[in-house]
1. Which residue out of Leu213, Leu239, Leu217 is surrounded by fewer than 19 Cβ atoms within 10 Å (Cβ to Cβ) and either more than 24 Å from the chain's Cα centre (by Cα) or among the small types (Gly, Ala, Ser) (or both)?
2. Within segment 64-107, can you find the residues that are under 22 Å from Arg209 (Cβ atoms), assigned to a loop (DSSP other than H, G, I, E, B) and at pLDDT 75 or above?
3. Among the residues of segment 357-364, are any aliphatic (A, V, I, L, M) and either without any contact (Cβ under 8 Å) to a residue 12 or more places away in the chain or surrounded by fewer than 20 Cβ atoms within 10 Å (Cβ to Cβ) (or both)?
4. Pick out the one residue from Ile146, Ile154 that is surrounded by 15 or more Cβ atoms within 10 Å (Cβ to Cβ), under 24 Å from Tyr269 (Cα atoms) and of a type outside the set (S, T, N, Q).
5. I need a count of the residues in segment 47-63 that are open to solvent by less than 60 Å² (accessible area, probe 1.4 Å) and either closer than 20 Å to Leu180 by Cα or at pLDDT 95 or above (or both).
6. Which ones in segment 222-236 are open to solvent by 40 Å² or more (accessible area, probe 1.4 Å) and either among the hydrophobic types (A, V, I, L, M, F, W, C) or under 27 Å from the mean Cα position of the chain (by Cα) (or both)?
7. Among the residues of segment 197-210, count how many are surrounded by 12 or more Cβ atoms within 10 Å (Cβ to Cβ), of a type outside the set (Lys, Arg) and either in a helix (DSSP H, G or I) or out of contact with any helix residue (DSSP H, G or I) (no Cβ under 7 Å at 6 or more places or on another chain) (or both).
8. Keeping to segment 428-455, report how many residues are farther than 13 Å from Glu253 by Cα, assigned to a loop (DSSP other than H, G, I, E, B) and open to solvent by 50 Å² or more (accessible area, probe 1.4 Å).
Amino acid sequence: MIVFGIISIAGIYFYLKDDLPDVTTLQDVRLQTPMQVFTADGELISQFGEKRRIPLKLEDMPPLLVEAFLAVEDTRFYEHPGIDIIGIFRAISVVASSGDFSQGASTITQQLARNFFLSREKKIVRKIKEIFLAIHIEQLLTKDQILELYLNKIELGQRSFGVGAAAQVYFGKTVHELTLDEIAIIAGLPKAPSALNPVRSASNARARRNVVLGRMLETRVIDKAAYDIAIAAPVTSRLHGAQITASAPYIAEMVRQDMVNRFGEETAYSAGLQVFTTIQSVQQAEAKHALQQNLYDYDERHGYRGPVAEVWQSTLVETDNATHKFEQENPLSAEEILAYLDKQSSIEDLRPAIITAVHEQSADAVIAGGQQVTLAWDGLKWARTFQTDERQGAAPKTAFAIVKPGQHVLLRQQNDQWRLSQVPQASSAIVALDPHDGAIRSLVGGYSFSQSQFNRVTQAKRQVGSNIK
C-alpha cells in the first residue's frame with residue numbers, strides 16, 4: 001500500500017506538472033500597491049489605487065499579530081514542510097464520510113499558493129495542485145519569507161490586502177497601535193473576509209474574534225487575564241481612508257492625471273509609485289484657509305439664504321409679558337435628531353446641525369455626533385436676509401428673526417466660537433509660485449473639491465488683468 005501510494009502521488013504529480021505555475025516568480029514579487037502623493041516636506045496628500053495595501057517587513061509587524069495568525073491558521077507552520085499531514089487526513093475523512101468539501105486543511109503556505117496562482121474553488125484537483133505548489137514554495141523560500149508574503153498578500157475585506165491595510169481600513173491605526181481584540185478581529189478575517197469584517201457585520205466579527213482569542217489562549221500566546229479583557233471589548237469599527245495629512249486635492253488630481261498619461265492606468269494605480277510635489281504643507285494649509293475665509297466673508301456680506309431644511313415646523317408666538325416662545329409641531333426626540341444628523345454630510349468645515357432652542361440673542365443646536373453647542377450673538381448677527389445680489393434685509397435685532405427650532409443649518413467654528421454659516425455661492429482659486437524656479441508652493445482650485453473638481457487655477461480662462469491682480 002505504501003509503494004502504491006508513492007507511485008500514485010508521483011503519477012498525479014507528473015500528470016499535473018505542466019499545469020503548475022512557476023513558483024520562482026515569488027522571488028521577485030511586486031505587490032499591487034496604490035500610488036501615493038506627498039508634499040515636499042513628506043505629508044501625504046492622497047492615495048490612488050483599487051487595492052489598499054501597506055507592505056510591511058515581518059520584523060516590522062507586532063509579534064502578537066503574527067502569533068494570532070499562526071494560532072488560528074497554522075499552528076505547526078514552522079514545523080511542517082508546506083503541508084499538514086494531520087490536517088489533510090482530517091479533511092479526507094470528512095469528505096469520505098459526508099462528501100463535504102468545507103474542511104480546509106490548508107497551511108499558510110498552501111493559502112499563499114492559492115492566493116498567487118490558483119482559484120478558491122473547492123475541487124480535489126485544485127487542492128492537489130495547491131499541495132504540490134506549497135512543497136515547491138517551501139523549497140524556494142524561507143519560512144519567514146513565506147509568512148511575510150502571506151501577511152502582505154492576504155485579502156482581508158473592504159478592498160484591503162495585508163495586515164497593514166486592514167489595520168488602517170478598519171481601525172484607522174498602524175499595526176503597532178492595535179489592541180489585542182482588534183488583532184484578533186483582523187486575524188479572523190481570512191476565513192471569510194466579506195462576511196466576517198466588522199464593518200459588514202459586528203456580530204459575525206465578534207464571534208470569529210472570540211474563536212481566534214480562544215485559539216490564542218489554547219496555544220498559550222496570551223494568558224487568561226488578557227483573554228478576559230479582550231473578549232469583553234466591544235466591536236467598534238468604521239471605514240477609514242488613507243491617513244491624509246495635507247489637504248491638496250486639486251494638486252492630487254493634477255498628479256494623478258500626469259502619472260496616468262506617463263505610465264498608463266495599470267502602472268499608475270498598482271506599481272506603488274510615490275510622487276513628491278513641490279507643495280509646502282504649511283503654505284498649502286494657509287492658502288486654503290485664506291481662500292475659504294474670504295469666500296465666507298464675501299458670502300455673508302450678501303446675506304443669509306436660510307436653513308438647509310426644516311425638519312419640523314416652529315411658529316413664533318408672543319405671550320402677555322412680551323416674552324417669546326415657539327409652538328413646535330411634531331418635534332423630533334434626541335435620538336431621532338441624532339439619527340437624522342448621522343445621514344447628513346459635512347462640507348469642508350461646515351457641520352450639519354439642528355436648532356433646538358432660540359433665545360433673545362443666542363440659539364442652541366446639536367451637531368452631528370451629538371455635541372450640544374451654543375450660537376452666541378456674534379455668530380448670528382451677520383445674518384441679514386438675502387434678497388438679491390445687490391440687496392439684503394434689515395440687520396436682525398434678535399435671534400428669533402434668524403433661526404427657529406427644527407431647522408437644519410450649517411455651522412462652523414471661527415476663533416473658537418460656533419457661527420451660523422452656509423455654502424458660499426461664489427468660488428475662487430489661489431496659486432503661489434516660487435519666483436526663483438516657478439515651483440508651485442500652494443494651489444487651491446476652488447472652495448471644495450468634493451463639490452466641484454473643476455480646477456479654477458489650471459482650467460479656467462481669465463483676462464490678463466485678473467491674473468495681474
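1. Criteria check complete, one pass: Leu217.
2. Within segment 64-107, Asp74, Thr75, Phe77, Ser106 qualify.
3. Just the residues of segment 357-364 that are aliphatic (A, V, I, L, M), to begin with: 357-358, 363.
Those left that are additionally either without any contact (Cβ under 8 Å) to a residue 12 or more places away in the chain or surrounded by fewer than 20 Cβ atoms within 10 Å (Cβ to Cβ) (or both): 357.
Yes: one or more hits.
4. Numbers: Ile146 fails: under 24 Å from Tyr269 (Cα atoms).
The conditions single out Ile154.
5. Adding up the residues that qualify gives 4.
6. Filtering segment 222-236 down to residues open to solvent by 40 Å² or more (accessible area, probe 1.4 Å) leaves 223-225, 227-229, 231-232, 234, 236.
Ala225, Ile229, Ile231, Ala232, Pro234, Thr236 - these are the residues of segment 222-236 that are open to solvent by 40 Å² or more (accessible area, probe 1.4 Å) and either among the hydrophobic types (A, V, I, L, M, F, W, C) or under 27 Å from the mean Cα position of the chain (by Cα) (or both).
7. From segment 197-210, those surrounded by 12 or more Cβ atoms within 10 Å (Cβ to Cβ) are 197-202, 204-210; that's our starting set.
Narrowing further to those that are of a type outside the set (Lys, Arg): 197-199, 201-202, 204-205, 207, 210.
Still in the running and either in a helix (DSSP H, G or I) or out of contact with any helix residue (DSSP H, G or I) (no Cβ under 7 Å at 6 or more places or on another chain) (or both): 202, 204-205, 207, 210.
Of the residues in that region, 5 qualify.
8. Looking only at that region, the number is 4.
The values are calculated or read from the model by the stated rules, or taken from the named source; none is laboratory data. Because the structure is a prediction, the values reported are computed rather than measured. All Cβ positions, glycine included, derive from the backbone under ideal geometry; neighbour counts span all protein chains shown. SASA here: full protein model, heavy atoms, side chains in, ligands and nucleic acids out. Shrake-Rupley method; radii C 1.70, N 1.55, O 1.52, S 1.80 Å.
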